[in-house]
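J.: Pasting a structure below so you can have a look.
The values are calculated or read from the model by the stated rules, or taken from the named source; none is laboratory data. All of these numbers come straight from a predicted model, not from anything done at the bench. Cβ placement follows ideal geometry from the backbone for every residue including glycine, while neighbour counts extend to all protein chains displayed. We work out accessible area using only protein heavy atoms, side chains counted, and drop any ligands, DNA or RNA first. Shrake-Rupley method; radii C 1.70, N 1.55, O 1.52, S 1.80 Å.
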Amino acid sequence: ALYLQRETRRFALILCYVHGNSPADWARFARPLVERLEPGGTLLARNAALAEIPEWREETGVRWFSTWLPEEWSVNFDHSAVPGLAIIRKPA
């Protein structure tokens, strides 16, 4: 999150694989992720299905982030393999 807060460039692809997947964690870097992703860009967020594992049920940060985004953004979840993946696209 600190890198994205300092960076001024925008990126076509951002891979987000963080340790700490609570809504509070995601709230810290939600805005930098949105601002640094260029229009038409894709954000891949790992750990999207951690909350499906009983020991990790509080790890709902990716889900929180997906509901925080503007509604015109596209969000698709791939839960075929834990920890899951969210494929998020910013409109062009």
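J.: Are any residues in region 33-66 open to solvent by less than 50 Å² (accessible area, probe 1.4 Å), charged (D, E, K, R) and in contact with a strand residue (DSSP E or B) (Cβ under 7 Å, 6 or more places away or on another chain), and if so, which ones?
T.: Within region 33-66, ARG36 is the sole residue that qualifies.
J.: Would you point out the residue of region 1-15, among those that are modelled with pLDDT under 90 and within 14 Å of the chain's Cα centre (by Cα), that is least open to solvent (accessible area, probe 1.4 Å)?
T.: LEU4
J.: Suppose we filter region 67-84 for residues that are open to solvent by less than 40 Å² (accessible area, probe 1.4 Å) and under 15 Å from LEU15 (Cα atoms); how many remain? I'd like the intermediate steps shown before the answer.
T.: Keep residues of region 67-84 that are open to solvent by less than 40 Å² (accessible area, probe 1.4 Å), which gives 69, 73, 83-84.
This time we only want the ones that are under 15 Å from LEU15 (Cα atoms), so: 83-84.
Result for region 67-84: 2.
J.: Going through region 41-62 one residue at a time, which ones are farther than 15 Å from PHE29 by Cβ and modelled with pLDDT of 95 or more?
T.: From region 41-62, those farther than 15 Å from PHE29 by Cβ are 41-42, 48-60; that's our starting set.
GLY41, THR42 - these are the residues of region 41-62 that are farther than 15 Å from PHE29 by Cβ and modelled with pLDDT of 95 or more.
J.: Give the number of residues within region 19-32 that are open to solvent by 30 Å² or more (accessible area, probe 1.4 Å) and among the hydrophobic types (A, V, I, L, M, F, W, C).
T.: Adding up the residues that qualify gives 2.
J.: Taking the conditions exactly as written (touching a residue at least 40 places away in the same chain (Cβ under 8 Å) and either over 17 Å from ILE87 (Cα atoms) or touching a strand residue (DSSP E or B) at 6+ places or on another chain (Cβ under 8 Å) (or both)), does LEU15 satisfy them or not? Explain how you work it out, then say what you get.
T.: On the way: touching a residue at least 40 places away in the same chain (Cβ under 8 Å): no; either over 17 Å from ILE87 (Cα atoms) or touching a strand residue (DSSP E or B) at 6+ places or on another chain (Cβ under 8 Å) (or both): yes.
Here the answer is no, as LEU15 does not meet what is asked.
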